[in-house]
Structure formats: structure tokens, C-alpha cells
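A short write-up of the structure that comes next.
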Amino acid sequence: MLAAPVTLWSRGKRMSRLRAAVPPLRPSARVRRAFPLVLAVALTASLLLAPAAFAGALTPESGGSPNADAIHSLYVITLVIAVLVFVGVEGALFYALFKFRARKGATAAQIHGNTRLEIGWTVGAALILVGLTIVTFLKLGPIVDPPNSDANGIRGESGVLTASTNDITPPNGQKLTVCVTGRQYIWRFTYAVDCKNAYGQPYTYTRMTVPSNTTVVLDIESTDVAHSWWIPKLGGKFDAIPGSHNYTWFKAPAPPPGGKLYSGQCAEFCGRLHANMVAQVRVVSPAEYQAFIANLKGSISQANKQSQQLRDRLRKSGDL
Ligand SMILES: [Cu+2]
């Protein structure tokens, strides 16, 4: 038997019957009312679950270096003043809104400015800015200029401290330099005295190891695109730019036994795998640092020897 031909009319009739049988999927009034609340909770939860993105909930992270601590205290001073100004201005605004709100029968007074008040808040705002500028300049020194290493840091006679003048240097000229090289998508750390001449010096990837109580100067550059060096607890961000050297420093306090890890991440979107470009700074005692460098040099020279032997063997057999 042949099926009856489906005409436009019969299809339309069938659809309307179907529509009557299945109620439309519209959110109930309760769901619609709860939606903004659910959205707000989801947004708050997503922010709370990403504490690393904050690098400190309200204020920048600190505690790993004097410059990070100075950045933190400058931020707190500015934040407190900003909160006081905000509360004062908004308080006055809401007070005026309620006190002078429209009432039946009341006629609004027509006011054309108040010279004393206007001069007052202009001078007041200027004084706040001048105060903030003075505090900022006072704090800039400890943020930008590296101090001397502590007495229990690495000593000059160990041969790892230098007094090169091509970058930032503590007053006594003694510092430990680490060359930081960013490249898609990994950080390389070369433990060298002169980063422009660092070939053959010991190096590590992703994790830098440094001695505590020692002023460490970082010589930062990139071999491909712009990256940004950032370990929040050790100070501010510093750009890693191809063809250019950027300098910053930190001086970490004595770690607990076994060392202390400070984590960070490239802070400049540098490509597809930017999120994988993490970095760690491991702070150990000066003695442990010496042992680490000696061990690193030993394993690198052993690996070089082995690859030389392999090359010699391949050359002899005619495969190279
Ligand atoms: Cu990056």
C-alpha cells in the first residue's frame, strides 16, 4: 500500500498537533529568578578557584625579597588612601542623595557653586597626589636598586660573584648573576658571570637554583618573541625582549631545611603554549648552592664527554 502523500497542509496540521501535545521548553519563573544568582555564584567561584591569577587576593604577593615587600607596602599605602577617598566621596554622595531627595511640596534651592568647597576639594586632591608621589619616590629606591648581600650569603672569594658594570649592581659590587632566557615555551637559566659571553657555562631549564641571603641579579632576554619573567613573591614583572637585556634582582631569605620553591609563570601571552611556560626559583643555603653548581658542571661535562665519544665512534665507523 502506498503511503498517503504528505501535503503542506497535512504536515502543518501534524506539527500543530505535536506542539499541543509537547509543552514548549520555557524556563520556569523560579529558574529565571534564580539565574542571576547562579551566574553570580559561578563567576565568584571561578575567580576564587583561580588564586594564581590574582598573585595575591587583594594586594601583590611578597615575602621572598625586599623589593617584593616594598612593592607590597607601596600598594597597601595607595590602596588605603584610595579606599578612604572612595568611602568619603561615595558617603557624601549618598548622604546628599537621601538628605535632599525630592519631597512633595518642597522646592529645590538653586545653587551656583560653592567657591570655598570647590577650592577645598581641588587642593585636597592635589595634596593627596603629591603625598602619593613622595611616598612612591621614597619606595622606588628599595624596589629598583639592589642592596648588598647579607653576611651569611655567598662570599666573594667563592668566585661566583662579579662586579660587572653593564647592569644593576649593589653598592659593594658583589652579586650573583643568572642569565634568564625566554623562548617559546620554556625558561633557560645560565649560571654565568657575563651573560653576553655565557657559552659553555652551566645551565638549567624551568627551575633556577640560587643561594639564600645573596643578591641575585637577573639578566633577562628572549631568543624569539616577547615574554615576561614573573615570580610574584620575588618582585615585579620584567619583559624578556629579543635582542635586548633587561635587569632585575631579588634577595631571598634563608629557606627551611631542604630549600624553598617560589613559583611563577610567563606573564606575557607569547603563543599557543604560553600557559605551559612556568618557572620556579629554588632557594637553598649557600653551601647547598655551591654543591648544586659543582654537580651541574660535573653532569654537563660528563654528558659532553659521552656525546664526543659517540661522535668519534660514528666518525670512525663512517656513519658521520
Ligand atoms: Cu609566555
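The values are calculated or read from the model by the stated rules, or taken from the named source; none is laboratory data. This is a predicted model, so every value here is computed, not measured. Neighbour counts run over all protein chains shown; Cβ positions are idealised from the backbone, glycine included.
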Discussion item. Tell me yes or no: at least one residue of the range 98-114 is closer than 30 Å to residue 62 by Cα and out of contact with any strand residue (DSSP E or B) (no Cβ under 7 Å at 6 or more places or on another chain).
Written reply: no
Worksheet item: So is residue 221 crowded, with 16+ Cβ neighbours inside 10 Å, within 16 Å of the ligand (Cβ to nearest atom), part of a loop (DSSP other than H, G, I, E, B) and of a type in the set (Asp, Glu) or not?
Response: no
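Yes or no, residue by residue, for (1) more than 30 Å from residue 216 (Cβ to Cβ); (2) among the aliphatic types (A, V, I, L, M); (3) not assigned by TED's automatic domain parsing to the domain that holds residue 233:
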position: 107; (1), (2), (3): yes, no, yes
position: 114; (1), (2), (3): yes, no, yes
position: 117; (1), (2), (3): yes, yes, yes
position: 131; (1), (2), (3): yes, no, yes
position: 137; (1), (2), (3): no, no, yes
Item to complete: Name the strands (runs of 3 or more DSSP E) wholly inside the range 235-320 in which the number of residues that are at pLDDT 90 or above and within 16 Å of the ligand (Cβ to nearest atom) is 2 or more.
Response: 238-240, 260-265, 278-284
